[in-house]
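Inspection log for the structure reproduced underneath, given as structure tokens.
The values are calculated or read from the model by the stated rules, or taken from the named source; none is laboratory data. Nothing here was measured: the structure is a model prediction, and the numbers come from that model. Reconstructed Cβ throughout: ideal geometry from the backbone, glycine too, with neighbour counts over all protein chains shown.
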Amino acid sequence: MSSLSVEALGAAADAVETHLPTLVEDRVASRLFAQDPTLWGPAAEAESAIRLAWTGLHRTSRPLIGEIAALREQLTERGVHRIALCGMGGSSLAPEVICATAGVELVVVDSSDPDMVRACVEEDLAGTAVVVSSKSGSTVETDSQRRIFIQAFQDAGIDPTERVVIVTDPGSAMDTQARADGYRVINADPDVGGRYSALTAFGLVPSGLAGVDVGALLDEAEEVADLLAEDDAANPGLRLGAALGGTDPLRDKLILTDRGTQIVGFADWAEQLIAESTGKEGTGLLPVVVGTDGAAEAVATAADATVVALTAEDDDEADPTDTVPAQINVSGTLGAQLLLWEVATAVAGRLLGINPFDQPDVESAKDAARSLMETPSDTAEPALGTDGAVELRTAGTALDLAGAEDSLPAAVEALLAELDPERGYLAVMVYLDRLAHVDLESVRGALEQHTGRPVTFGWGPRFLHSTGQFHKGGPAVGVYLQVTGEPFEDVPVPGKDFTLGTFIKAQAAGDAQVLADAGRPVLRLHLTDQTDGLTQLREVLGQR
């Protein structure tokens, strides 16, 4: 039997006490599960009307179970024992958590970094099947990955139509073309947005093909669905939503920490759901994923922070110390928590007065990248200076590097000097191979200890579909450290006139441009040699 527990303490408990009676009186829970699009105001109604089917996926996704099982058997008969997933944002983060928690291997190819994509394609291609997931069917990263895998299969004498499965919305360009080309296509529910799609075909198909019991996952969600739909003060979705979005003044930094839960990587999925849903119109909630590194203590007492502890269901050690002014302890099975956090995010959006189903600033970064792709010479402004294997750049005039043009340590200090000591945060954004350089994430905790302020770490372009929305649409209190690098070997995109290396440079430059246009301070570090440059970077950032 699935269970959910939400315990709010300190300022988070005050928020629950303040807002819960009104949420119950307004029948927010029952209206949400009845798919009432008026919950977020007139401006959000049109979008909400086509984005609420996720509330019933524990029932409507049931037909996928048999279809996935039959397809898995076919692939196994063809010698497949490795599943790779090409997708971005909600199309990749949910399956990654689902498979990691089940102890099942899934190769998540959610990057346009040439070195990462090439390594994923070259490893055991003969035993690999690929799920290509794109709601719109036009995601450039995913389409590029798809083209590269198809070319690799063809070069190896393998029929790609027997190894590639397409998951997309019905009627998308990818849906039409893939069917015409003879590929297996599984359609997702078009009335579910990407970040709420964990229990649609986007979450279930790659997970089920990799070996997860997706029926059990749906069972866990179904067991708590009635509880989450009740207009009752005990509803954990209402309580969590109020604790997240109802503090006054708003504690907009959510310090997500793992306290012994068996759910692997859940905070990364929650980060995308919360940041992209709420970070707009100058407000929002910024998840700061600290995992189990113990660094939460550096910022837990900040006046704008709430500690969110993901705990085991039988945990007796999640109580806060006397010095933590706001904390939320959350436990439950994976399927139950997927639905819980979706409900809570929608509720928090209502309290914040925003539309939790759009992502206007994600689109602005995409537009900037497309523009730069059309004029590749503009993807990198001239370097202000060089320190060893690191070129230093800024984007716009929001950051002044006068006197620090040739010193990596001095340039980083100049950026940190712009950090608001009361409300600010630092975002580290790294456009490199996340699978090869996972240890680089450790600089997050070191920087947080040094600054005393929340620090996020995002792998590009993955974070563009997550915290990237908050960076541009949330409050203007962030400073941004971007890292790019020359690939060891570039990868051409079949049928296109660009390479992955060209594309990821445009994505990074476009992101920096949009941030700078919004007046955000950005320091861009380009590694002309990744080996030497990363050594320099680790030394400078890790010593702070």
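Summary of computed values
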item	result
Residue that is surrounded by the fewest Cβ atoms within 10 Å (Cβ to Cβ) [pool: residues in the stretch 412-437 that are touching an Asp or Glu at 6+ places or on another chain (Cβ under 8 Å) and of a type in the set (D, E, K, R)]	E422
Which numbered condition A369 misses (of (1) part of a loop (DSSP other than H, G, I, E, B); (2) modelled with pLDDT under 95)	(1)
When residues of the stretch 14-64 are limited to those that are polar (S, T, N, Q) and over 16 Å from V343 (Cβ atoms), the one surrounded by the most Cβ atoms within 10 Å (Cβ to Cβ)	S61
Any chance V107 is closer than 25 Å to V438 by Cα and either at pLDDT below 95 or surrounded by 24 or more Cβ atoms within 10 Å (Cβ to Cβ) (or both)	no
In the stretch 114-147, residue surrounded by the fewest Cβ atoms within 10 Å (Cβ to Cβ) [restricted to those that are among the basic types (K, R) and modelled with pLDDT of 95 or more]	R147
Any strands (runs of 3 or more DSSP E) falling wholly within the stretch 445-544 and containing at least 2 residues that are among the aliphatic types (A, V, I, L, M) and assigned by TED's automatic domain parsing to the domain that holds D420	478-485, 522-527
Extreme residue, surrounded by the most Cβ atoms within 10 Å (Cβ to Cβ), among residues of the stretch 67-91 that are touching a residue at least 60 places away in the same chain (Cβ under 8 Å) and in a helix (DSSP H, G or I)	S91
Selection count, the stretch 401-440, where residues are within 22 Å of the chain's Cα centre (by Cα) and within 13 Å of V479 (Cβ to Cβ)	6
The listed residue being surrounded by 24 or more Cβ atoms within 10 Å (Cβ to Cβ) and among the basic types (K, R), out of R524, R520	R524
Some residue of the stretch 185-194 being within 30 Å of A44 (Cα to Cα), of a type in the set (S, T, N, Q) and surrounded by fewer than 24 Cβ atoms within 10 Å (Cβ to Cβ)	yes
Restricting the stretch 179-221 to residues that are free of Cβ contacts under 8 Å to residues at least 24 places away in the same chain and either assigned by TED's automatic domain parsing to the domain that holds A336 or over 23 Å from the mean Cα position of the chain (by Cα) (or both), the residue that is nearest to G237 (Cα to Cα)	V185
Scope the stretch 164-212; condition among the hydroxyl-bearing types (S, T, Y), closer than 16 Å to G66 by Cα and touching a Ser or Thr at 6+ places or on another chain (Cβ under 7 Å); matching residues	T200
Qualifying residue in the stretch 26-42 (condition: outside the structural domain of L273 (by TED's automatic domain parsing), more than 30 Å from L464 (Cβ to Cβ) and charged (D, E, K, R))	no
Flag if T386 is part of a strand (DSSP E or B), hydroxyl-bearing (S, T, Y) and buried (at least 21 other Cβ atoms within 10 Å of the Cβ)	no
